There are 2 protein chains.
Amino acid sequence: MTEDGEIQQKWSIETNILEDGRHIVPDIIASIKHRLDLYDMDKEDFVGIGMGSPGSVDIAAGTVIGAYNLNWTELQPVKETIERELGIPFAIDNDANVAALGERWKGAGENEDDVIFITLGTGVGGGIVAAGQLLHGAAGCAGEIGHVTVDPNGFECTCGKRGCLETVASATGVVRVARQLSEEYAGPSDLKSRLDDGEDISSKDVFDAAQADDPFALRVVDRVCFFLGLAVGNLGNTLNPTHIVIGGGVSAAGEFLRSRVQTYFEQFTFPQVRNSTHVKLAELGNEAGVIGAASLARQFA
Amino acid sequence: MTEDGEIQQKWSIETNILEDGRHIVPDIIASIKHRLDLYDMDKEDFVGIGMGSPGSVDIAAGTVIGAYNLNWTELQPVKETIERELGIPFAIDNDANVAALGERWKGAGENEDDVIFITLGTGVGGGIVAAGQLLHGAAGCAGEIGHVTVDPNGFECTCGKRGCLETVASATGVVRVARQLSEEYAGPSDLKSRLDDGEDISSKDVFDAAQADDPFALRVVDRVCFFLGLAVGNLGNTLNPTHIVIGGGVSAAGEFLRSRVQTYFEQFTFPQVRNSTHVKLAELGNEAGVIGAASLARQFA
């Protein structure tokens with residue numbers, strides 16, 4: 001990527017998570033070396049390397065721990081290894097934060113100084129840009145919007161507390177809400193029949209059924225959007241960003257989802273915030289993380 | 001105040017709100033001129049002047065509107081007038097924001113980069129310092145913590161929506177909670193008797209009764225602290241500041257209040273936030289606003 005955010009080359013490699021994920025960083029290094037050779041480029045041609053990672057990222061040390069999808073249960077000295085092997089300055093942040101940077105810079109955030117990004121996927125993550133800076137907080141947890149409490153007596157969360165946004169607005173959360181509401185729903189519904197028949201349904205199934213006017217599915221979507229609107233509204237009341245951007249797999253439901261979140265956002269915000277903070281859909285998809293991660297390297301320019 | 005935050009002189013003048021508050025700024029100017037003469041100082045001796053104001057402050061323009069306690073219903077060109085009359089650079093922000101700056105710099109915030117200040121008074125206000133910067137947001141509403149929705153079906157707020165933190169945690173909010181809970185409370189309680197007798201009670205009466213073990217008052221305080229803990233917890237989950245500082249008149253209840261907010265804060269935060277974000281009492285009282293306002297002038301240094 002250029003310093004202006006224009007992608008020059010994009011490629012991907014397989015992620016080999018065997019042997020505690022110990023091949024991942026060496027494989028990335030080998031791939032970059034191969035590219036440099038191929039195009040006859042060297043380290044002087046680069047300002048830096050930026051990376052986004054799942055798990056718990058220590059941005060100062062450039063290390064990652066607890067990225068379970070990668071089998072990284074032990075501390076990984078990513079920055080140290082990459083800088084040693086490639087001689088290019090390296091910066092890293094967590095995957096939701098770099099996606100926030102990307103959407104803020106080149107996507108729905110319109111490069112405003114105050115932008116919040118929320119990603120609704122297998123979990124719910126987020127990143128906050130305020131007064132032009134990505135926030136990290138005291139222990140790197142700023143932007144962990146998935147663990148905002150939206151229902152004090154709600155579902156138990158993997159984090160140990162109850163009623164986190166993630167328990168109702170992640171892909172599994174949507175299905176959890178469907179299962180709960182199906183117990184008290186008596187009318188006709190194809191979606192409810194499938195649940196009652198023990199079929200595995202997905203978040204997409206719920207939204208598809210709702211968009212096809214299944215009354216039970218509409219009720220589930222309404223409940224999910226109530227909680228999303230409450231969380232997004234309180235982000236607005238607290239930080240008054242120009243844009244709150246919703247991305248991730250669940251947001252594939254698009255305007256059908258956004259408009260319903262907007263309705264509750266308006267209910268839960270005071271007038272000045274309602275009129276100055278915009279709830280938008282993400283525009284960059286997976287590219288947000290790529291662009292945002294690469295943008296971390298601009299600090300070395 | 002020196003640039004290091006040492007107060008050199010402190011005085012106050014009467015606030016004359018007659019005739020739409022048109023005397024306030026001229027009175028301030030006259031008082032400053034009198035002081036300058038008295039100590040044989042002139043504008044070159046000052047880096048700048050900082051001011052905190054109630055109402056809606058346009059920090060770029062240096063104007064204030066809607067400060068009803070001052071009778072300022074029309075736009076006041078405060079910066080223009082003061083700079084013209086005194087020839088000293090002038091900066092202004094709202095009263096909760098400058099109090100946040102003061103508590104962050106010289107009070108309970110310990111000059112950390114991530115500090116949130118909440119003031120529980122006749123209303124509930126706040127200010128947020130994140131990554132070292134005071135946040136304003138898209139329309140200057142960042143930090144309006146009083147309008148975070150803590151109870152979707154709660155009391156109506158002056159802002160037009162329901163269940164704002166202010167409706168239950170301001171001085172009048174505490175009494176409102178007491179009146180609501182008294183309807184369903186049947187046991188013995190001196191405080192409830194006073195309410196039932198039509199006596200006017202204050203927030204202080206509620207906390208005094210609770211500290212004297214009045215069972216009904218304890219229930220009211222518990223409910224107020226539940227909502228405060230929920231709001232403060234979600235500030236922690238969202239921004240993970242080092243310190244969340246509670247000030248204002250209601251916080252005169254001190255550790256009795258703080259410890260109860262802490263209990264709910266722990267219930268509503270995930271472990272990393274619970275362990276890295278501290279709920280503290282403000283330390284500076286009214287001085288927070290004085291120091292924070294003066295600190296605005298450091299931008300001219």
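Values in this text are rule-based calculations from the coordinates and carry no lab data. Only a predicted model underlies this, so the values are computations on that prediction, with no experimental measurement involved. Quick reminder, even Gly has a Cβ in these numbers, built from the backbone with ideal geometry, and neighbours come from all protein chains shown.
Report the net charge of residues surrounding residue A:104, where surrounding means a beta-carbon distance below 12 angstrom and charges are Lys +1, Arg +1, Asp -1, Glu -1.
Working: positive: A:106, A:280; negative: A:103, A:110, A:112, A:113, A:114, A:283.
Within the 12 Å Cβ shell, the charges total -4.
Given q = 0.09 Å⁻¹, what are the Debye log10 I(q)/I(0) values for the stretch A:111-282, with equal point scatterers placed on the Cα positions and solvent ignored?
With one equal scatterer per Cα and no solvent, log10 I(q)/I(0) is -0.30.
Restricting to DSSP loop positions (anything but H, G, I, E, B) with no more than 13 other Cβ atoms inside 10 Å of their own Cβ, which GluC sites (Glu not before Pro) remain in the stretch A:104-196? All intermediate terms of the calculation are to be shown ahead of the outcome.
Working: sites: A:110, A:112, A:144, A:156, A:166, A:183, A:184; in loops: A:110, A:112, A:144, A:183, A:184.
Taking the stretch A:104-196 and a limit of 13 other Cβ atoms within 10 Å, the loop GluC sites (Glu not before Pro) found are A:183, A:184.
Restricting the count to DSSP beta bridges whose residues both fall in chain B, what percent are antiparallel, rounded to a multiple of 5?
Looking only at bridges with both residues in chain B, the antiparallel portion is about 50 percent.
What's the ranking of B:55-62, A:262-269, B:241-248, B:220-227 by average number of surrounding C-beta atoms within 10 Å, highest first?
Values: B:55-62: 16.5, A:262-269: 21.2, B:241-248: 25.6, B:220-227: 22.8.
So the order, starting with the most tightly packed, is B:241-248, B:220-227, A:262-269, B:55-62.
Between copies, how far apart are the residue A:41 label points? List them in nm, one decimal, shortest first, with each point 7 Å from Cα toward Cβ, please?
For residue A:41, the other copies' label points sit at 5.8 nm, shortest first.
Which residue, A:65, A:291, A:116, has the most motion in a Gaussian network model of chain A that connects Cα atoms within less than 10 Å?
A:65
How far is residue B:179 from the same spot in each other copy, in nm, shortest first, if each label point sits 7 Å from Cα toward Cβ?
Result, one decimal in nm: 4.5.
Let me know the charge dipole size of the protein assembly as shown about its Cα centre in debye, to the nearest 20, where only the beta-carbon of Lys, Arg (+1) and Asp, Glu (-1) is charged.
On the way: 46 positive and 88 negative charges, 134 e Å.
Here the protein assembly as shown has a charge dipole of around 640 debye.
Among the GluC sites (Glu not before Pro) in the stretch B:11-81, which ones are in a DSSP loop with at most 15 other Cβ atoms within 10 Å of the Cβ? Mind listing them?
Details: sites: B:14, B:19, B:44, B:74, B:80; in loops: B:14, B:74.
Qualifying residues, ordered by number: B:14, B:74.
Check residue B:49: other-chain or 5+ apart residues with amide H under 5 Å from its amide H, H built from backbone geometry?
HN-HN under 5 Å from residue B:49: B:90, B:91.
Which distances, shortest first and in nm, link residue A:23 to the matching position in the other copies, using label points set 7 Å out along Cα to C-beta?
Between copies, matching label points for residue A:23 lie 8.4 nm apart.
Tell me the trypsin sites (Lys or Arg not before Pro) within the stretch A:1-78 that lie in a loop according to DSSP and have at most 15 other beta-carbon atoms within 10 Å. Before the final figure, lay out the partial values.
Values: sites: A:10, A:22, A:33, A:35, A:43; in loops: A:10, A:22.
For trypsin sites (Lys or Arg not before Pro) across the stretch A:1-78 that sit outside H, G, I, E and B with at most 15 neighbouring Cβ atoms in 10 Å, the list reads A:10, A:22.
If I model a spin label at residue B:14 and residue B:43 as a point 7 Å from the Cα along the Cα→Cβ vector, what separation in nanometres do I get?
3.0 nm
Compute the relative contact order of the stretch A:111-282 as a whole-number percentage, counting only Cα pairs closer than 8 Å that sit 6 or more residues apart in sequence. Intermediate results must be reported in sequence, preceding the final value.
Working: 307 pairs, mean separation 39.7, N = 172.
Relative CO of the stretch A:111-282 lands at 23 percent.
Within 10 Å of each Cβ in B:264-271, how many Cβ atoms from other chains are there, averaged over the peptide? Write down the numbers at each step before the final one.
Numbers: counts 1, 0, 1, 4, 8, 8, 13, 6.
For peptide B:264-271, the averaged partner shielding equals 5.
Name the most mobile residue of A:105, A:11, A:72, meaning the one with the largest mean-square fluctuation, in a Gaussian network model of chain A with Cα contacts below 10 Å.
Evaluated over chain A, the most mobile residue of the options is A:11.
Can you give me the Cα centroid spacing of the stretch A:155-229 and the stretch A:1-42 in angstrom?
39 Å
Work out the length of the dipole vector of chain B about its Cα centre, built from +1 on the beta-carbon of each Lys and Arg and -1 on the beta-carbon of each Asp and Glu, and round it to the nearest 20 debye.
Values: 23 positive and 44 negative charges, 143 e Å.
Result for chain B is approximately 680 debye, rounded to the nearest 20.
More than 32 angstrom separation, counting every C-alpha pair in the protein assembly as shown; what % is that?
Here the tail beyond 32 Å accounts for 53 percent of pairs.
What average number of partner chain Cβ atoms lie no more than 10 Å from the Cβ of the residues making up A:238-247?
Working: counts 17, 12, 10, 4, 3, 1, 0, 0, 0, 0.
Per residue, the number of nearby Cβ atoms from other chains is 5 on average.
Evaluate chain B: find the radius of gyration of its Cα atoms, find its Kirkwood radius, and give the ratio Rg to Rh.
A ratio of 1.01.
If you count the DSSP beta bridges with both ends in the protein assembly as shown, what percent of them are antiparallel, to the nearest 5? Numbers along the way, then the final one.
Working: 30 of 58 bridges.
Once the DSSP bridges in the protein assembly as shown are tallied, antiparallel ones form about 50 percent.
Each residue of the stretch B:143-155 in order: what ³J(HN,Hα) in whole Hz does its phi give by Karplus 6.51 cos²θ - 1.76 cosθ + 1.60, θ = phi - 60°, with x for Gly and Pro?
x, 7, 5, x, 10, 5, 7, 10, 8, x, 9, x, 5
Name the chain A residue nearest the rotation axis between A and B, going by Cβ position, and give the distance in whole Å.
Rotation axis A onto B, closest Cβ, rounded to whole Å: A:130, 3.
About its Cα centre, what dipole magnitude does the stretch A:111-282 give when the only charges are +1 on Lys and Arg Cβ and -1 on Asp and Glu Cβ, stated in debye to the nearest 20?
Rounded to the nearest 20 debye, it is 380 debye.
Name the residues whose placed amide hydrogens come within less than 5 Å of the amide hydrogen of residue B:279, ignoring near sequence neighbours (fewer than 5 apart) on the same chain.
B:244
Can you compute 3J(HN,Hα) from phi for each residue in the stretch A:118-131, using the Karplus curve 6.51 cos²θ - 1.76 cosθ + 1.60 with θ = phi - 60°, rounded to whole Hz and x for Gly and Pro?
Per-residue couplings from phi come out as 10, 10, 9, x, 4, x, 10, x, x, x, 10, 9, 10, 6 Hz.
Give me B:185, A:68 ranked fewest to most by other Cβ atoms within 10 Å of their Cβ, as a rough exposure proxy.
Working: B:185 17, A:68 11.
Ordered by Cβ neighbours within 10 Å, fewest first: A:68, B:185.
Between residue B:197 and residue B:300, what FRET efficiency comes out of the Förster formula 1/(1 + (r/R0)^6) with R0 = 45 Å and r the beta carbon distance, rounded to 0.05?
Details: r = 57 Å, r/R0 = 1.26.
Computed FRET efficiency for residue B:300 and residue B:197 comes out at 0.20.
Residues with beta-carbon under 15 Å from that of residue A:90, excluding residue A:90: net charge, scoring Lys, Arg +1 and Asp, Glu -1? The partial results should precede the final answer.
Values: positive: A:33, A:43, A:79, A:84, A:298; negative: A:58, A:80, A:83, A:85, A:93.
Neighbour charge sum, excluding residue A:90 itself: 0.
May I ask you to evaluate 6.51 cos²θ - 1.76 cosθ + 1.60, the Karplus curve with θ = phi - 60°, for each residue of the stretch A:269-284 and list the ³J(HN,Hα) values in order in whole Hz, giving x for glycine and proline?
10, 8, x, 4, 6, 3, 8, 10, 9, 10, 8, 10, 8, 5, 10, 9
Counting pairs of alpha carbon atoms under 8 Å apart in space and at least six apart in sequence, what relative contact order in percent does the stretch A:1-153 give?
Here the relative contact order equals 16 percent.
Once amide H atoms are built 1.01 Å from N in the peptide plane, which residues 5 or more positions from residue B:122, or in another chain, come under 5 Å H to H?
Residues meeting the amide H criterion: B:171.
Can you give the helix-only mean residue ellipticity at 222 nm for the protein assembly as shown, where every DSSP H stretch with n ≥ 4 adds -39500 (n - 2.57) and the sum goes over all residues, rounded to the nearest 500 deg cm²/dmol?
Details: 24 runs with 250 residues, N = 602.
Estimated from H runs of four or more residues: -12500 deg cm²/dmol.
If you line up the long axis of helix A:95-106 against the longest principal axis of chain A, both from Cα atoms, how many degrees apart are they, to the nearest 10?
In chain A, helix A:95-106 runs at an angle near 90 degrees to the longest axis.
Taking beta carbons within 10 Å but only from partner chains, what does the mean come to for residues A:150-160? If you can, show how the numbers build up before the last one.
Details: counts 2, 1, 10, 0, 0, 0, 0, 1, 1, 7, 4.
Rounded to a whole number, the mean comes out at 2.
Could you tell me the relative contact order of chain B? Use alpha-carbon pairs under 8 Å, at least six residues apart, and round to a whole percent. Mind dumping the intermediate values first?
Values: 573 pairs, mean separation 64.2, N = 301.
Averaging sequence separation for qualifying contacts and normalising by length gives 21 percent for chain B.
Given labels modelled 7 Å from the Cα in the Cβ direction, how far is it in nm from residue A:222 to residue A:31?
The answer from the label model is 4.6 nm.
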